[in-house]
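Trainee: Mind looking over this structure? Questions follow.
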Amino acid sequence: MNDVKPDSSTKQTVTLTDNSTGKSIELPILGGTVGPRAIDVRRLYAETGCFTYDPGFTSTASCDSAITYIDGEVGILMHRGYMIEDLAEHSDFMDVCYLLLHGELPKKDEKAAFERSITYHTMLHEQMNYFYRGFRRDSHPMAIMVGVVGAMSAFYHDSTDISDPHQRMVASHRLIAKMPTIAAMAYKFSVGQPFVYPRNDLSYAENFLYMTFSVPCEEYKVSPVLARAMDRIFILHADHEQNASTSTVRISGSSNANPFACIAAGCASLWGPAHGGANEAVLQMLQEIGTKDRIPEFVERAKDRDDPFRLMGFGHRVYKNYDPRAKVMQKSCHEVLGELGINDPLLEMAMELERLALQDEYFIEKKLFPNVDFYSGIILKAMGFPTSMFTVLFALARTVGWVAQWREMIEDPSQRISRPRQLYNGQTKRDYVPLDQR
Ligand code: CMC
């Protein structure tokens, strides 16, 4: 599947000419099933001595993949050919996990077997509880996630042999199953409450809410509205092709590192405010703005090139049209707040900010629309999560995407270690200067 070859039926090529020497090279153009074609530059260095230069990878396809397709110009996101809107409306997260991992929506018996496997992997090795105690109580839960997920490789040795398909599958199921437990424990640790063990009679989303919000001294009933909203948030964050954290997972995995270490690397990358940390940053920004009348001032600041301030939750590297996930999230946000009877002034501010930004020339011209993180923070706040947990929830949901992409890469027979090159612009060779002469 991953053996991408030039489209021999049409033999599309591009000719590149070095104008200083007049030497030309003909390069094949690769076609996928849908989306932009890619110029195959694999022979370029060997035949011309030149690299391609593309920091930030804005014009580079780093791999071929059959998992997720995005058309950022139109605002389309599909997993294995299914539109995200349809999945959010008709599927649950377990369906989507199966789809991402196996390529098809599960049949009834397949789904039951998958859910059973995930349910029976939710408990953590008891020794891991002690691991938490090494952290400061005020640690950011993402700092705990990076540490604990990485530490899984010290606990689950029997699923670190990446050459064994069975071990790869077990590691994948363990990661998807244990992330909610790890995330809930990070929260419990930060608020000084006892860890709550998972329950097998609850769905994936219900179980996560139960482990996060219940306490041993009273009964906790999981709200079906919140469970559905949580499940939908997980679906909307499940995968997003070759974003920074997924590329990090793939690059880490390309050296044959174990899956737990690779997913910990993904968590680290996701944590940044330009990526998964944006949902936390949106809430901080709305709180900083404070009142509706101050919004124009902040919009002006966002437009000022000399001011580093950016509107968090706006803009996307790929979407130059409305992020389809943001639309579903906006609808979900209204539903949740309506059901909970919450009238959050932050939501009103968010809507006003969206309204003003969407009619502003700067944002129109640069095609800066609200992204998925713009609304997710408001829903999560209404559900009772502290802002520091927002990125943790993103990591939890994205784990299946990371795992699916990691497995696709490992199972590709042509896979090689990722080793980009550089355009060196440092000192040229010079004589060593002894210490007393410097
Ligand atoms: N507010 C104001 N100006 C912006 C913003 C923004 N949020 N985003 C981009 N711009 C401007 C930017 O200053 C630049 O202007 P100019 O052409 O004058 O230099 C232009 O738009 C292009 O921006 P860029 O930074 O070159 O675009 P990028 O593709 O490298 O960055 C981004 C994409 C998402 C990092 C960026 O839009 C951003 O920082 N947004 C705010 C953070 C955010 O919401 N991140 C969540 C992304 S979605 C979830 C995820 O993927 O994890």
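Trainee: Considering only protein heavy atoms and a 1.4 Å probe, what is the carbon-and-sulfur percentage of the accessible area of the range 65-218?
Mentor: Result for the range 65-218: 52 percent of the exposed heavy-atom area is carbon or sulfur.
Trainee: How many angstrom lie between the Cα centre of the range 273-336 and the Cα centre of the range 366-402?
Mentor: 12
Trainee: Further, regarding this structure: Can you give the net charge of the other residues whose Cβ lies under 15 Å from the Cβ of Gly290, counting K and R as +1 and D and E as -1? Please report the intermediate quantities before stating the final value.
Mentor: On the way: positive: Lys292, Arg294, Arg301; negative: Glu288, Asp293, Glu297, Asp344, Glu348, Glu352.
Cβ neighbours under 15 Å give a net charge of -3.
Trainee: Rounded to the nearest 0.05, what FRET efficiency do Ile29 and His102 have when you use their Cβ-Cβ distance and R0 = 45 Å? If you can, show how the numbers build up before the last one.
Mentor: Working: r = 31 Å, r/R0 = 0.68.
Efficiency at R0 = 45 Å is approximately 0.90.
Trainee: Place a point 7 Å from the Cα of Met123 along the Cα-to-Cβ direction; which residues of the range 180-194 have their backbone N under 16 Å from it?
Mentor: Counting backbone N atoms under 16 Å from the label point, the list is 181-182.
Trainee: Distances longer than 16 Å among the Cα atoms of the range 13-61: what percent of all pairs is that?
Mentor: Numbers: 545 of 1176 pairs.
Counting every Cα pair in the range 13-61, those more than 16 Å apart make up 46 percent.
Trainee: With the other protein chains left in place, how much accessible area per residue, in square angstrom, belongs to the range 1-148 at a 1.4 angstrom probe? Present the calculation step by step, with values, prior to reporting the outcome.
Mentor: Details: 9190 Å² over 148 residues.
About 62 Å² of surface per residue is accessible.
Trainee: How do 300-307, 18-25 rank on mean C-beta neighbours within 10 Å, highest first?
Mentor: 300-307, 18-25
Trainee: What nm distance separates the two modelled labels at Glu335 and Met169, each placed 7 Å from Cα along Cα→Cβ?
Mentor: 3.3
Trainee: Here's something else I'd like to know. Could you tell me the calculated FRET efficiency between Glu219 and Asp86, based on Cβ-Cβ distance and R0 = 41 angstrom, to the nearest 0.05? Could you put the intermediate results ahead of the total?
Mentor: Working: r = 36 Å, r/R0 = 0.88.
It comes to 0.70.
Trainee: If you don't mind, another one. Can you tell me the Rg and the Dmax, both Å, for the Cα atoms in the range 266-368?
Mentor: 14.1, 43
Trainee: Here's another thing I want to ask about it. Counting only protein heavy atoms and using a 1.4 Å probe, what share of the accessible area of the range 304-358 belongs to carbon plus sulfur, as a whole percent?
Mentor: On the way: 1420 of 2880 Å².
Here it works out to 49 percent.
Trainee: Right, another one. Which value at 222 nm does the chain reach when only helices count, each DSSP H run of 4 or more adding -39,500 (n - 2.57), with the total divided by all residues and rounded to the nearest 500 deg cm²/dmol? Don't jump to the answer; show the numbers that get you there.
Mentor: Details: 18 runs with 217 residues, N = 438.
It lands at -15500 deg cm²/dmol.
Trainee: Continuing with the same structure: Starting from the exponent 0.38 and prefactor 2.2 Å, build the expected Rg for the chain from its residue count and divide its actual Cα Rg by it. The partial results should precede the final answer.
Mentor: Details: Rg = 23.6 Å, N = 438, 2.2 N^0.38 = 22.2 Å.
The chain yields a ratio of 1.06.
Trainee: Contact order normalised by length for the range 273-325, with contacts defined as Cα pairs under 8 Å and 6 or more residues apart; what percent is it? It would help to have the intermediate numbers written out before the result.
Mentor: Working: 25 pairs, mean separation 18.3, N = 53.
The normalised contact order for the range 273-325 reaches 34 percent.
Trainee: Sticking with this structure for a sec: Send over a whole-number figure in Å² for the accessible area per residue of the range 242-335, probe 1.4 Å. Walk me through the numbers before you get to the answer.
Mentor: Working: 4040 Å² over 94 residues.
On a per-residue basis, the range 242-335 sits at 43 Å².
The values are calculated or read from the model by the stated rules, or taken from the named source; none is laboratory data. This one's a predicted model, so the numbers in the text were calculated from it and none came from an experiment. So basically every Cβ, Gly included, is an ideal-geometry build from the backbone, and we count neighbours across all protein chains shown. These accessible areas exclude ligands, DNA and RNA; they are computed on the full protein's heavy atoms, side chains included. Shrake-Rupley method; radii C 1.70, N 1.55, O 1.52, S 1.80 Å.
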